[in-house]
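Encoded as structure tokens, the structure appears first; notes follow it.
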Amino acid sequence: MINGRDEIEWGKRIPKWKLRRLYESDAQNMLDEDLLDDVGFTLLERCRDILKVYSAQHGRVHCARCDRRGQTTLIPVLQTAGDPSDQVLTCPVCGWQITWGDYHLSFKRKQLNPGGAVDTFKSFTENFPHAHTPQAKMIAIDRLIHEFHYSYQSMPDLPTRPVGVNLIEGHIEDVIAFLSELTFGHESSWKENLARFRTANQRVREHIRQGNKL
């Protein structure tokens, strides 16, 4: 029996109270550096996992067992004529196995889809480990959670969804309301993109209500 799914561990989303406490400590000029690192490295792990899902969606699955050992091994997903869900993926290094269908189920509906924010997640994974001051770390976190997914098809400048939903616990409206409470270096751009996002979504809902297809 192939049960490789048992060895997959995806990083958790951040609870709102941690971010709120972090921002409050910064606003009081008493930045909690332990909490800062806790939040930052939790977000870093989450972003790395989102990029692993992106890699899998493009035909290269990260071996979960090798990952836990600190080694990166990529398993190709082959193009086959049959049902891809039944394809068995086998790590050439450690022998870990999983079907593509089970691997897909491991991240389904867990807000791990990178969507139109791949560059944002990549940027954080590249820049945060090199942020050597508390202020630089705080700016990196703030920039990340206030970013948006963007349409990567016909309207690449259209904000389609807040990145915070991938990273913070809660439903989309809860996360939007929470992020609107937080203020830092990107407050004005966040509010502008949020307004554009809501306008775009209102138009889409009206389009569907009128019986049209997207």
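Bear in mind that the values in this text are calculations on the coordinates, not laboratory data. Computed from a prediction, not measured in an experiment: that's the story for all the values here. FYI the Cβ positions are ideal-geometry reconstructions off the backbone, even for glycines, and counts take in every protein chain you see.
Checking the table K52/K110; K12/K191; K110/K191; K12/K122; K108/K137; K18/K110 against a 23 Å threshold on Cα-Cα, which pairs fail? Show your work: numbers first, answer last.
Numbers: K52/K110 13 Å; K12/K191 26 Å; K110/K191 26 Å; K12/K122 18 Å; K108/K137 30 Å; K18/K110 20 Å.
Exceeds cut-off: K12/K191; K110/K191; K108/K137.
Which trypsin sites (Lys or Arg not before Pro) from segment 102-176 combine a DSSP loop assignment with at most 16 other Cβ atoms within 10 Å?
Values: sites: K108, R109, K110, K122, K137, R143; in loops: K108, R109, K110.
Answer in residue order: K108, R109, K110.
May I ask which residue of G59, T73, F41 lies farthest towards the positive end of the charge dipole of segment 11-123, with charges of +1 (Lys, Arg) and -1 (Asp, Glu) on Cβ and the Cα centre as origin?
Value computed over the given set: G59.
Ranked by Cβ crowding within 10 angstrom, fewest neighbours first, how are C66, C47 ordered?
Working: C66 18, C47 25.
The fewest-first ordering by Cβ neighbours comes to C66, C47.
Note the full-extension length gain between D34 and R196 as 0.36 nm times their separation in residues minus their Cα-Cα distance, in nm to one decimal. Mind showing how you got there, number by number?
Details: separation 162, 0.36 × 162 = 58.32 nm, distance 3.55 nm.
Residue separation times 0.36 nm, minus the Cα-Cα distance, leaves 54.8 nm.
Provide the gained length on full extension for the span Q71 to F41, in nm with one decimal, where the gain is 0.36 nm per separating residue minus the Cα-Cα distance. Write down the numbers at each step before the final one.
Details: separation 30, 0.36 × 30 = 10.80 nm, distance 1.86 nm.
Fully extending the segment from Q71 to F41 adds 8.9 nm.
Starting from the Cα of D119, step 7 Å along the direction of its Cβ; do the same at L105; then give the gap between the two resulting points in nm.
3.7
Hey, what's the per residue convex hull volume over the C-alpha atoms of segment 1-128, in cubic angstrom? List each step's numbers first, then the result.
Working: hull volume 16.2 nm³, N = 128.
Per-residue hull volume (Cα only) is 127 Å³.
Please sort by residue number the trypsin sites (Lys or Arg not before Pro) in segment 1-85 whose DSSP state is loop and whose Cβ has at most 15 other Cβ atoms within 10 Å. It would help to have the intermediate numbers written out before the result.
Values: sites: R5, K12, R13, K16, K18, R20, R21, R46, R48, K52, R60, R65, R68, R69; in loops: K12, R13, R69.
Sites meeting the loop and neighbour criteria: K12, R69.
Could you check the simple spin-label distance between V88 and S55, using points 7 Å along Cα→Cβ, in nm with one decimal?
2.3
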